[in-house]
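The values are calculated or read from the model by the stated rules, or taken from the named source; none is laboratory data. These numbers were taken from a predicted model, which means no experiment stands behind them. Neighbour counts are summed over all protein chains in view; Cβ atoms, including those assigned to glycine, are modelled from backbone coordinates with ideal geometry.
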Protein chains: 2
Amino acid sequence: METSHSGDELARILATLANPHRMRVIAALAHGRNYVSALARELGISRPLLQLHLAKLEAAGLVTAAFELSHDGKAMKYYDTVPFAVTLTPQSIALAARTLTTEEGQS
Amino acid sequence: METSHSGDELARILATLANPHRMRVIAALAHGRNYVSALARELGISRPLLQLHLAKLEAAGLVTAAFELSHDGKAMKYYDTVPFAVTLTPQSIALAARTLTTEEGQS
DNA sequence: TTCACCTGCAAGAAAAAACTAGCACGTGCC
DNA sequence: GGCACGTGCTAGTTTTTTCTTGCAGGTGAA
């Protein structure tokens, strides 16, 4: 359920999703939530790298993080997807472009 | 009318749209086709820079180019938008992620 | 204590993208 | 000819993003 985004928000969302690693993260989390280290092993990438991508996904509002204690008392950081739905058309892009703040306003 | 894209195609489309200049190009062309120099003036950016962005938009299949002779015999390169429609959800991302070719295949 | 697991952060290297400046070519018109 | 307009290209710089390496902290269990 997505309302319209500002141009900057949309640009950030698109830039965030336009990355193979992050697409795979979304794919992995779509099957169910998971914690950082396990996710890194599942995807076959280093943990710091995964944390970088997760931070970007969270900053774009595409995933959420929640701490949870495991049965043996360890603090695990679980990530999950946020159910988003963005439709891209020339018109939706044009609409979003009106609210871009990158340099100069519009004409 | 968009069918499903491969993971790489989708990544390229998103990366292409995730740029303020290119969003404004789409917005400008959505109002009607235009040629390079006029478009550069309208957007207030240099022509080489615009050509770079137009090349990326065309490579992603989001705009098309066509040469046309002006009344005084000059060869003008007109660009126009391609009517695309891409919907992004965690599921569509997950589906596209299966066909990513960046490094290693899938599990 | 030592080991295995979890987390976080930051500095520096490597790669990719964005942008500028400048050149080439062509045309019609004063 | 000189000027204004259209096109294309390329080399080099700047900026951003991506990724690695390495270290810090914490817990429970053998």
Exercise for review: Output the residues belonging to the range B:3-20 that are surrounded by 20 or more Cβ atoms within 10 Å (Cβ to Cβ) and either within 11 Å of DNA strand C (Cβ to nearest atom) or within 11 Å of B:LEU54 (Cα to Cα) (or both).
Suggested key: B:ALA11, B:THR16, B:LEU17
Revision key, fill the gap. Flagged in the range A:29-42 as surrounded by fewer than 18 Cβ atoms within 10 Å (Cβ to Cβ) and more than 10 Å from chain B (Cβ to nearest Cβ), in numbering order, are A:GLY32, A:ARG33, A:VAL36, A:SER37, A:ALA38, A:ARG41
Study note, to complete from the structure: Quick count over the range A:43-59, residues being small (Gly, Ala, Ser) and buried (at least 19 other Cβ atoms within 10 Å of the Cβ), is 0
Check your understanding: Which one of A:SER107, A:SER92, A:SER70 is away from DNA strand C (no atom under 16 Å from the Cβ) and modelled with pLDDT under 95?
Key -> A:SER107
Review point. Can you pull out the residues in the range A:14-28 that are facing chain B (nearest Cβ under 7 Å), within 9 Å of the chain's Cα centre (by Cα) and closer than 13 Å to A:ALA59 by Cβ?
Key: A:LEU17
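Yes/no matrix, rows are residues, columns are (1) closer than 20 Å to A:ILE13 by Cα; (2) within 13 Å of DNA strand D (Cβ to nearest atom); (3) among the β-branched types (Val, Ile, Thr):
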site: B:ALA38; (1), (2), (3): no, yes, no
site: B:ALA59; (1), (2), (3): no, yes, no
site: B:ASP72; (1), (2), (3): no, yes, no
site: B:TYR79; (1), (2), (3): no, yes, no
site: B:ALA96; (1), (2), (3): yes, no, no
site: B:THR102; (1), (2), (3): no, yes, yes
**Study point:** Out of B:VAL25, B:VAL36, sole residue that is touching a strand residue (DSSP E or B) at 6+ places or on another chain (Cβ under 6 Å), of a type in the set (A, V, I, L, M) and at pLDDT 95 or above
**Key:** B:VAL36
Point to revise | helices (runs of 4 or more DSSP H) contained entirely in the range A:26-107, each with at least 1 residues that are over 28 Å from B:VAL82 (Cα atoms) | key: A:36-43, A:47-59
